[in-house]
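**Student:** Structure below; questions to follow.
The values are calculated or read from the model by the stated rules, or taken from the named source; none is laboratory data. Everything quoted here is computed from the prediction, not taken from an experiment. Cβ placement follows ideal geometry from the backbone for every residue including glycine, while neighbour counts extend to all protein chains displayed.
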Amino acid sequence: MTQIITIFGGTGFVGSKIIFKLANNSKYRIRLVTRDSKKISKFKVLPNVDIYLFDQLSKSNFKKAISGSHVVINLMGILHEDKINKFDIIHAQFPKLIQNLCIDLNVRKLIHFSALKSETRASQYLSSKNHAEINLLNRKGSLRTYVLKPSIIFGDGDNFINLFYKLIKIFPIFSIISYQSRFQPISVDDVTEIVKLLVKKNRFQTRSFDLGGERDYSFYEIVDLIKKTKNINCILIKLPYFLNKIVVAMFGLMPVKIITKDNLKSLSIPNTCSVNHAYEFLTSLKSLKEHITKL
């Protein structure tokens, strides 16, 4: 029997990888729900992917996309707020609406992407993510709800490792904001494999999963690893702590948001796992250094 999997936020880096992974299985019919018509062309070549292009995200449109689904995956998220997209709406209100519709429409599983260390509520971003988790995990019923909380995710086309690789190739001197911040980068291939296993198997009841890679790094160590692995001639400077807020405020004057004060608050919390639940699915995890070598 064909299983219908509805994916919200599937046009991004992680969502795209998940769609292509699941679309390899002819038993799955994928519904991609998006507002972005500019990012759907690469999915049109997949015979078992249907595109639900909506001008706005609303209860009626959500219901239309979810109806008849066996599994729903929600990857909707933003790093920065603007006049239209607010943390509370995207990260808390929409996931709760999706879960309620899943229950009403007899969906079997909901897989929701949140953020590692959201429980610290150190920033508005993390607080909104935690708000959703509390609501989703406390709802009782037959719907299996899985909350995935990854550290930063790396892979072909990511906006983190690739960004700093490009920057240190351009600039002979590069200053690192919040250089002591810690991350436990996990491969997008490992994340998509975990999602595939959650879709396929019924091993777990409703719960959350902290997901990290094989080891943790400081922000400085990640950029330095890129520099040394790719043999780039760039001087790295650890920006003094007292200058962080000043530099971020200067970035705030730019028309395009790169880093905000709220992002800086998130960086104050180690983005690492005390217990890495990725090993409940996989016996080994892909290496960040090996990925950088192939860039």
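**Student:** Within the range 269-280, is even one residue of a type in the set (A, V, I, L, M, F, W, C), at pLDDT 95 or above, under 19 Å from the mean Cα position of the chain (by Cα) and farther than 30 Å from Arg108 by Cα?
**Tutor:** yes
**Student:** Find the residue count for the range 49-76, including only residues that are at pLDDT 95 or above, buried (at least 16 other Cβ atoms within 10 Å of the Cβ) and in a loop (DSSP other than H, G, I, E, B).
**Tutor:** Residues flagged as at pLDDT 95 or above, buried (at least 16 other Cβ atoms within 10 Å of the Cβ) and in a loop (DSSP other than H, G, I, E, B) within the range 49-76 amount to 4.
**Student:** Find all pairs meeting these conditions: Cβ atoms under 7 angstrom apart; at least six residues apart or on different chains; first residue within the range 229-244 and basic (Lys, Arg); second residue outside any helix (DSSP H, G or I).
**Tutor:** These pairs meet every condition: Lys230/Leu295; Lys238/Ile176; Lys238/Tyr179.
**Student:** Tell me which residues, restricted to the range 239-295, are part of a loop (DSSP other than H, G, I, E, B) and farther than 27 Å from Gly213 by Cα. Give the steps one after another, and end with the answer.
**Tutor:** Looking only at the range 239-295, we keep the residues that are part of a loop (DSSP other than H, G, I, E, B), and these are 239-240, 252-260, 268-270, 272-276, 281-287, 294-295.
Once the filter is applied, which keeps residues that are part of a loop (DSSP other than H, G, I, E, B) and farther than 27 Å from Gly213 by Cα, the range 239-295 yields Pro240, Gly252, Leu253, Met254, Pro255, Val256, Lys257.
**Student:** In the range 77-101, what residues are more than 30 Å from Val256 (Cα to Cα) and either surrounded by 22 or more Cβ atoms within 10 Å (Cβ to Cβ) or of a type in the set (Ser, Thr, Tyr) (or both)?
**Tutor:** Ile98, Gln99, listed by residue number.
**Student:** For the range 184-234, what are the residues that are within 30 Å of Leu110 (Cβ to Cβ) and among the acidic types (Asp, Glu)?
**Tutor:** Selection gives Asp189, Asp190, Glu193, Asp210, Glu214, Asp216.
**Student:** Out of the residues in the range 1-41 that are part of a helix (DSSP H, G or I) and at pLDDT below 95, state the one that is surrounded by the fewest Cβ atoms within 10 Å (Cβ to Cβ).
**Tutor:** Per the criteria, the residue is Lys38.
**Student:** For the range 162-178, give me each residue that is touching a residue at least 60 places away in the same chain (Cβ under 8 Å) and either closer than 21 Å to Ser266 by Cα or part of a loop (DSSP other than H, G, I, E, B) (or both). Before you say what the answer is, go through the steps one by one.
**Tutor:** Looking only at the range 162-178, we keep the residues that are touching a residue at least 60 places away in the same chain (Cβ under 8 Å), and these are 162, 164-165, 168-169, 171-178.
Matches in the range 162-178: Asn162, Phe164, Phe171, Pro172, Ser175, Ile176, Ile177, Ser178.
**Student:** Can I ask one more? May I ask you to verify whether Ile222 is over 26 Å from the mean Cα position of the chain (by Cα) and in a helix (DSSP H, G or I)?
**Tutor:** On the way: over 26 Å from the mean Cα position of the chain (by Cα): no; in a helix (DSSP H, G or I): yes.
So Ile222 does not fit the description; no.
**Student:** Listed residues Ser142, Ser208, Ser181; which is of a type in the set (Ser, Thr, Tyr), closer than 30 Å to Asn24 by Cα and in contact with a strand residue (DSSP E or B) (Cβ under 9 Å, 6 or more places away or on another chain)?
**Tutor:** Details: Ser142 fails: in contact with a strand residue (DSSP E or B) (Cβ under 9 Å, 6 or more places away or on another chain); Ser181 fails: closer than 30 Å to Asn24 by Cα.
Exactly one residue qualifies, and that residue is Ser208.
**Student:** In the range 149-169, what residues are under 19 Å from Leu126 (Cβ atoms) and among the aromatic types (Phe, Trp, Tyr)?
**Tutor:** Phe160
**Student:** If you don't mind, another one. Check the range 50-67 and report whether any residue there is out of contact with any Gly (no Cβ under 6 Å at 6 or more places or on another chain), touching a residue at least 60 places away in the same chain (Cβ under 8 Å) and either over 17 Å from Ile4 (Cα atoms) or not acidic (Asp, Glu) (or both). Write out each step before concluding.
**Tutor:** Of the residues in the range 50-67, the ones out of contact with any Gly (no Cβ under 6 Å at 6 or more places or on another chain) are 50-67.
Next cut, touching a residue at least 60 places away in the same chain (Cβ under 8 Å) only: 66.
Subsequent filtering for residues that are either over 17 Å from Ile4 (Cα atoms) or not acidic (Asp, Glu) (or both) retains 66.
Looking for residues that are out of contact with any Gly (no Cβ under 6 Å at 6 or more places or on another chain), touching a residue at least 60 places away in the same chain (Cβ under 8 Å) and either over 17 Å from Ile4 (Cα atoms) or not acidic (Asp, Glu) (or both), one finds at least one in the range 50-67, hence yes.
**Student:** Can you list residue pairs whose Cβ atoms sit under 9 Å apart, with the first residue in the range 125-145 being on the phi > 0 side of the Ramachandran plot and at pLDDT below 95 and the second being outside any helix (DSSP H, G or I) and among the charged types (D, E, K, R)? Count only pairs 6 or more apart in sequence or on different chains.
**Tutor:** Listed by first residue and then by second, the contacts come to nothing, as the list is empty.
**Student:** Follow-up. Considering only residues that are part of a strand (DSSP E or B) and surrounded by fewer than 20 Cβ atoms within 10 Å (Cβ to Cβ), which ones fall in the range 192-209?
**Tutor:** Of the range 192-209, the ones part of a strand (DSSP E or B) are 207-209.
Passing the criteria: Arg207, Ser208.
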